[in-house]
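The values are calculated or read from the model by the stated rules, or taken from the named source; none is laboratory data. As the structure is a computational prediction, the values presented were derived from the model and not from experiment. Cβ sites come from the backbone with ideal geometry, for glycine too, and all protein chains shown count toward neighbours.
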Amino acid sequence: MAAEYTLKVKEGDRVPEGTLWHSGNPEDDDACALPQKFSISERVKGKKVVIFSVPASFSPTCSEKHVPGFVEKANDLKSKGIDEVICLSADTVWSQDAWGKKLKVGTKVLMASDPYGEFSDKLGLKFETHEGQFRLPMGPRTRRYILLLDDGIIKYIAVDAAGLEATSAEAVLARL
């Protein structure tokens, strides 16, 4: 993944407005529903929310550790006051939905799509796959990052170029 980036936000800032998409049927294995969009600012209003981003659905680190870590720690996060956990990538709604079903996230993690990485770009955390290690024609991607939001205010933001040191469920729990 391209290592260079410049954050456009910092802790204490209000999260930028953006629109994400989700399928709306996380537990129906037979089909994907019509995509539903939501406003990030409306979704996080009055809540404590974790948004974590992955470069690609079905990728090894994300499938083996990142998402399963949040599923495993969902109850711990809830007991610490987290109202919702959202996983986003620039992949399609249907890819995120199928991946969430494969990983059995159920309602513990909302699998969301950030089309074209537009929301992530507002954070300074979108990159093109022709940069850095991938060098594959996959279009825009989101970096591996995490936001801890309290009523829309960024309380914690971190990026991992490799690994999960700063963006894991454990890292968030340590901040709560």
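Listing for the model above:
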| item | result |
| --- | --- |
| Selection count, segment 120-161, where residues are at pLDDT 80 or above, in a loop (DSSP other than H, G, I, E, B), surrounded by fewer than 17 Cβ atoms within 10 Å (Cβ to Cβ) and not acidic (D, E) | 2 |
| Residues of segment 75-91 satisfying the condition of being more than 13 Å from the chain's Cα centre (by Cα) and surrounded by fewer than 20 Cβ atoms within 10 Å (Cβ to Cβ) | N75, D76, K78, S79, K80, G81, D83 |
| Of residues in segment 23-40 being at pLDDT 95 or above and surrounded by 15 or more Cβ atoms within 10 Å (Cβ to Cβ), the one farthest from V85 (Cα to Cα) | F38 |
| Which numbered condition K101 fails, given (1) under 26 Å from Y116 (Cβ atoms); (2) among the charged types (D, E, K, R); (3) touching a helix residue (DSSP H, G or I) at 6+ places or on another chain (Cβ under 8 Å) | (3) |
| Qualifying residues in segment 60-79 (those that are at pLDDT below 95 and of a type in the set (D, E, K, R)) - the one nearest to I146 (Cα to Cα) | K65 |
| Conditions (1) in contact with a Pro (Cβ under 9 Å, 6 or more places away or on another chain); (2) at positive phi; (3) modelled with pLDDT of 95 or more; number of the one not met by V9 | (2) |
